[in-house]
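Remarks on the structure that follows.
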Amino acid sequence: MIYPKPADGQSYLINSNNYRQLHQVAEVEPNAFWLDMAKRLDWMQFPTKSGNWQFQKPVSIKWFEDGVLNICANCVDRHADSTPDKTAIIWVNDQGTITTYISYATLLKEVNAMAFSLQNLGVQKGDRVIIYMPMIPEIAYAMLACARIGAIHSVVFGGFSPESLAGRIQDCGAKVVVTANEGIRGGKLIPLKANVDKALLQVAQVKKVLVVNHTSTNVPMVEGRDVVYAPNYNQAVVPEPINAEDPLFILYTSGSTGKPKGVLHTSGGYLTYASLTHQWIFDCKYDDIYWCTADAGWITGHSYVIYGPLANGATTVMFEGVPNYPNPDRLWKIIDDLKVSIFYTAPTAIRSLMQAGDEWLQTTSRQSLRVLGSVGEPINQEAWEWYYHQVGKAQCPIVDTWWQTETGGILITPLPGVHDLKPSSATQPFFGIQPVLLDEQGHEINDNSAEGRLALKASWPGQMRTVYGDHGRFEETYFSQFPGYYFSGDGARRDDDGDYWLTGRVDDVLNVSGHRLGTAEIETAATLDHSIIETAVVGFPHAIKGEGIMVFAISASHTTHNLEELKAIIKNTIRSQIGPIASPDEIYIVKGLPKTRSGKIMRRILRCIARSEFEKIGDVSTLAEPSVVDHIIGIVCAKT
Ligand code: PRX
């Protein structure tokens, strides 16, 4: 099924009149194209250089390298000058009882005050600051304040455990943490400051903790270390001149091996890309009320709640709560209340609201909507159709945007005024983006109707520059399997029209409710308790989460725990090591795992079992112990 582009396509910023020409310039003269796009920002010194990159080792990626700018000045000051009264942020609290409109003038005042506080705590250009906060305006102030003084922020999602937080603090060498006493999500209190306290028992380097009092709860404060945030509005902090290639932030993300990686993004290229893609893909114009439901702790929150929209002087909505609290009409009510015109969310939210039933849509009109977006995982056809017909009443194009923490911004997506829509297809590359499909040997598959590994053969300004503190890991992870390409880790198919259909990860990375988790990371966590000697983790299709987590575990022979106790131990250890987002959906205690004779776990076999695709298991005779396969099938089937 194809949904043709809107007949009134000319009213879109990018439409059939200007698309072809822009596309051609971006393809033929990418450096000139991107330098031209960089003009959308205010520079203290406009760059003369555009892209300067190589994907062969030693991998090096630079954009606008002789340019100087300040990211905060671009997101705040220039709009506070030109449109001081325009609303920058509309914040809605968890209960839905408070809606706060924050103008660009107020945003400047607040960000300035936060920057002053950070400076008082000794934060200087280049220092790393951990931000562990709920979705309240202060998280935006803290990020922008770091950008103002040239500090590098690393936001850690509030759902991560103290152990995960400690690992990130240690890896980036932060000396300052900004947090809140508590967060509130779906009516539940989240003990953020208590989590920070626990994390700091493990890492000694943090000198100061800045605490925003969000709820009325008093939390213990460590004398000399912890400071309650009290904004001082009387001191001006001048935006620091920042080189385009100076780091803006580090964001940790899971890969197929080892600890989460600190994805490093720099300044000029990142903001050019986030702002351009935000404006053109969502067709965001002056009067739009734009709402992306992502938490600021993820890349989507960075690029499309904060940096992109604010760089464009847009009005961006920040919501503290969750889609189904107190009821599954929560998002639709906010859309009506605020007259949201552009709405961007994740398939997992769409599926859970779809499951809650259409009656939750009946009391709202959603008349203000004109563009819908999806991100985080492939959106299945049924969810797409429901989003399009029920939520958008067949009036709003859906942009299914494919991208990653590493890419900084959207790479493959329809443009609402240009492309025909195909449910479940992310369709076409954005301007200047050159995706390829590779076969297992790394050859480009050039015909349409092909399926392969999705890689990029040219850089773009929003691309990550390195893994913080480990450039070798950056090269190894993304550029070694297919030299000369950036390999995304995703599989994709291209149809006869050249449209891309993402088929999911081809590595050991799970995508659970749009959250990325490495199987290795979960396995390591699960074996920390001495009752468990080995585990293997695989994903399986899950109606709401997209992918669920299945753990196969071998218990220690000495354990006296029964099966239910062992399962509880595994669940609790994973939750405390990583956080509730990594909670397993199914756990099986087994006697052995399918391994090759050299000891490698055959996760492929476990994946077949997890999906009940027994016929795909194939020949198991080369396994060290072939009989374990039947044993595991027996255990899994006994449950179902
Ligand atoms: O597998 C792809 C999936 O999410 C992965 C990136 O996850 P993360 O870095 O956490 O960033 C999520 C938000 C950008 C990708 O490798 N993914 C993201 N968007 C889509 C998607 N898969 C299919 N279609 C999408 N639109």
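Right, residue 506: hydrophobic (A, V, I, L, M, F, W, C), touching a His at 6+ places or on another chain (Cβ under 9 Å) and within 16 Å of the ligand (Cβ to nearest atom) or not? No. Residue 426 meets each of the listed conditions (1) crowded, with 23+ Cβ neighbours inside 10 Å; (2) more than 8 Å from the ligand (Cβ to nearest atom) apart from (2). Residue count for segment 509-539, restricted to those that are away from the ligand (no atom under 15 Å from the Cβ) and part of a loop (DSSP other than H, G, I, E, B): 5. Note on segment 38-61: residues that are surrounded by 20 or more Cβ atoms within 10 Å (Cβ to Cβ) and of a type outside the set (Val, Ile, Thr) total 6.
Does residue 415 qualify as being more than 9 Å from the ligand (Cβ to nearest atom), assigned by TED's automatic domain parsing to the domain that holds residue 464 and closer than 20 Å to residue 494 by Cα?
Working: more than 9 Å from the ligand (Cβ to nearest atom): yes; assigned by TED's automatic domain parsing to the domain that holds residue 464: yes; closer than 20 Å to residue 494 by Cα: yes.
Yes, satisfied.
Within segment 236-258, the residues that satisfy the criterion of being at pLDDT below 95 and surrounded by fewer than 19 Cβ atoms within 10 Å (Cβ to Cβ) are 256, 257, 258. For segment 372-409, a residue qualifies if it is closer than 22 Å to residue 335 by Cβ and hydrophobic (A, V, I, L, M, F, W, C), and the qualifying residues are 372, 375, 379, 383, 384, 386, 391, 394, 396, 398, 399. Scanning segment 605-640 for residues that are over 24 Å from residue 567 (Cβ atoms) and not in a loop (DSSP other than H, G, I, E, B) gives 615, 616, 623. Suppose we keep only residues that are out of contact with any strand residue (DSSP E or B) (no Cβ under 9 Å at 6 or more places or on another chain) and buried (at least 24 other Cβ atoms within 10 Å of the Cβ) within segment 147-173. Which one would you say is farthest from residue 107 (Cα to Cα)? Result: 149. No other residue among 444, 440, 451 is surrounded by fewer than 20 Cβ atoms within 10 Å (Cβ to Cβ), within 16 Å of the ligand (Cβ to nearest atom) and outside the structural domain of residue 276 (by TED's automatic domain parsing) apart from 451.
Being at pLDDT 95 or above and touching a helix residue (DSSP H, G or I) at 6+ places or on another chain (Cβ under 8 Å) narrows it down to one residue among 261, 175; which is it? Give the derivation first.
Working: 175 fails: touching a helix residue (DSSP H, G or I) at 6+ places or on another chain (Cβ under 8 Å).
Only one candidate qualifies: 261.
If the condition is being part of a loop (DSSP other than H, G, I, E, B) and in contact with a strand residue (DSSP E or B) (Cβ under 8 Å, 6 or more places away or on another chain), then segment 227-257 contributes 229, 241, 244, 245, 246, 254, 255, 256, 257. Of the residues 432, 498, 491, 472, the single one that is farther than 22 Å from residue 251 by Cβ, surrounded by fewer than 20 Cβ atoms within 10 Å (Cβ to Cβ) and more than 12 Å from the ligand (Cβ to nearest atom) is 498.
Please enumerate the residues belonging to segment 415-437 that are β-branched (Val, Ile, Thr), within 22 Å of the chain's Cα centre (by Cα) and under 17 Å from residue 371 (Cβ atoms). So that I can check it myself, show each step before the final result.
We begin by selecting, within segment 415-437, every residue β-branched (Val, Ile, Thr); these are 418, 427, 433, 436.
In the following step, the residues that additionally are within 22 Å of the chain's Cα centre (by Cα) were identified as 427, 433.
Result: 427, single match.
Considering the conditions (1) surrounded by 23 or more Cβ atoms within 10 Å (Cβ to Cβ); (2) away from the ligand (no atom under 16 Å from the Cβ), residue 362 is excluded by exactly one of them, (1). Among the residues of segment 576-591, is any touching a Cys at 6+ places or on another chain (Cβ under 6 Å), farther than 24 Å from residue 530 by Cβ and at pLDDT below 95? Checked against the condition, which is being touching a Cys at 6+ places or on another chain (Cβ under 6 Å), farther than 24 Å from residue 530 by Cβ and at pLDDT below 95, segment 576-591 yields no hits at all.
The values are calculated or read from the model by the stated rules, or taken from the named source; none is laboratory data. Just so it is clear, the structure is predicted and the values come from calculations on it, not from any experiment. Positions of Cβ are backbone-derived with ideal geometry, glycine not excepted, and every protein chain shown enters the neighbour counts.
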